[in-house]
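Engineer: The following block contains the structure, expressed as C-alpha cells.
The numbers here are math on the coordinates, done by the rules we state, and not lab data. These figures come from a predicted structure and were not determined experimentally. Heads up, the Cβs are rebuilt from the backbone with ideal geometry, glycines too, and the neighbour counts pull from every protein chain shown.
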Amino acid sequence: MPAARPGIVVGMEAEAALIRAFAPHAAIGVSGATRAGAEAAVARLLHAGADAILSFGLAAGLDPALRPGAVLAPRHVLLPDGRRLPADPAWLAWLGDGRPDIVPADLLHSDDVVVTAGRKGACFRRTGCAGLDMESGIVAGACASAGVPFAVLRVVCDPANRSLPPAAVLALGPDGGIGLGRILASVLRRPWQIPALVALGRDAARARARAIAFLRGRFLQTS
C-alpha cells in the first residue's frame, strides 16, 4: 500500500475479514452501514494517525452494464451536496487505474440503502456514477478536510437491475454483523422473498470471490 499507516473503512465485518487477511498491518474501521458509524470509524482512524484511508467492500451497481464482481476504483466520489472529490493518484495507480478490468467511473455516496432497481436507474441517469455505497463519501469528505489521501476499492454485488428483498436490508446490523434472526423473521412473514435472497446470495458470493482474487493479485504479487 502507498502509505506507512493505512486505514481501511468498511461497512460490514464480513468485508473487514476479507481485507484483513491481506493487510494485517492496516487499521480497520467498521461503519455498520450507517452514516454515524462511518463518521466515527473515519474519525478514529485519523485520530490514530492514519496517513491514508481506503474505502473497501461491496457496492450496489448503478451502471446497467456492470455485473456482480465488477471491480470499481473510482477516480472521484460524488457527495450528496454535489461535490466530486478526487481519489489520490498514487493510490489509483496502485489499485490498477487504466487496466481494462478496473472500472474508473465515479462512485455515488448515499446515506441510506438504495433498494429498488428503479431508484438505482434514477441515480445512474442523474449522476452517471458506476456504483453506490454508504461509506466512501464520508471517507472522502473527512480526508479532504484533514488533508489525507483516500481511495476507494469496491466490488459490485447487487447489479442495477436487481431490487433488494426486505430481509436483505433488515439483515444489516449497526455492529457490522449480519442479523440471521431478523432475516428468518422477515422470511417467515414474507416467504416470497426466498428466490430474491437466493439470487442475492449468488451475487454476493461472486463479488466476494472477485474481491479475494483482486486482493490476492494486488497484495501477493511478486516483483
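Engineer: Search the structure for amide H atoms under 5 Å from the amide H of Ile8, placed 1.01 Å from N in the peptide plane, and list their residues when 5 or more places away or on another chain.
Structural biologist: Under 5 Å from the amide H of Ile8: Ala27, Ile28, Gly29, Leu54.
Engineer: Grab the beta carbon distance between Arg218 and Arg190, set R0 = 45 Å, and tell me the FRET efficiency rounded to 0.05. Numbers along the way, then the final one.
Structural biologist: Working: r = 40 Å, r/R0 = 0.89.
E between Arg218 and Arg190, to the nearest 0.05, is 0.65.
Engineer: While we're on this one: I need the phi-derived Karplus couplings for segment 42-49: 6.51 cos²θ - 1.76 cosθ + 1.60, θ = phi - 60°, integer Hz, Gly and Pro marked x.
Structural biologist: 5, 4, 4, 5, 5, 5, 7, x
Engineer: Quick one: work out Rg over Rh on the C-alpha atoms of the chain, Rh as Kirkwood radius.
Structural biologist: Working: Rg = 16.5 Å, Rh = 17.4 Å.
Dividing the radius of gyration by the Kirkwood radius yields 0.95.
Engineer: With each run of n ≥ 4 DSSP H residues scored as -39500 (n - 2.57), what mean residue ellipticity at 222 nm is computed for the chain after dividing by its residue count and rounding to the nearest 500 deg cm²/dmol?
Structural biologist: After summing the helix terms and dividing by residue count, I get -12500 deg cm²/dmol.
Engineer: Separate question: Projected onto the charge dipole of the chain (+1 at Lys/Arg Cβ, -1 at Asp/Glu Cβ, origin at the Cα centre), which of Ala122, Leu108, Ala16 gives the Cα projection farthest towards the positive end?
Structural biologist: The Cα lying farthest towards the positive end belongs to Ala122.
Engineer: What list of ³J(HN,Hα) values in whole Hz, one per residue of segment 147-163 in order, does the Karplus curve 6.51 cos²θ - 1.76 cosθ + 1.60 (θ = phi - 60°) give from phi, with Gly and Pro shown as x?
Structural biologist: Ordered by residue, 3J(HN,Hα) equals x, 10, x, 9, 8, 10, 10, 10, 10, 5, 9, 7, x, 4, 8, 10, 8 Hz.
Engineer: Quick one: check the C-alpha center-to-center distance for segment 16-37 versus segment 71-95, whole angstrom.
Structural biologist: 19 Å
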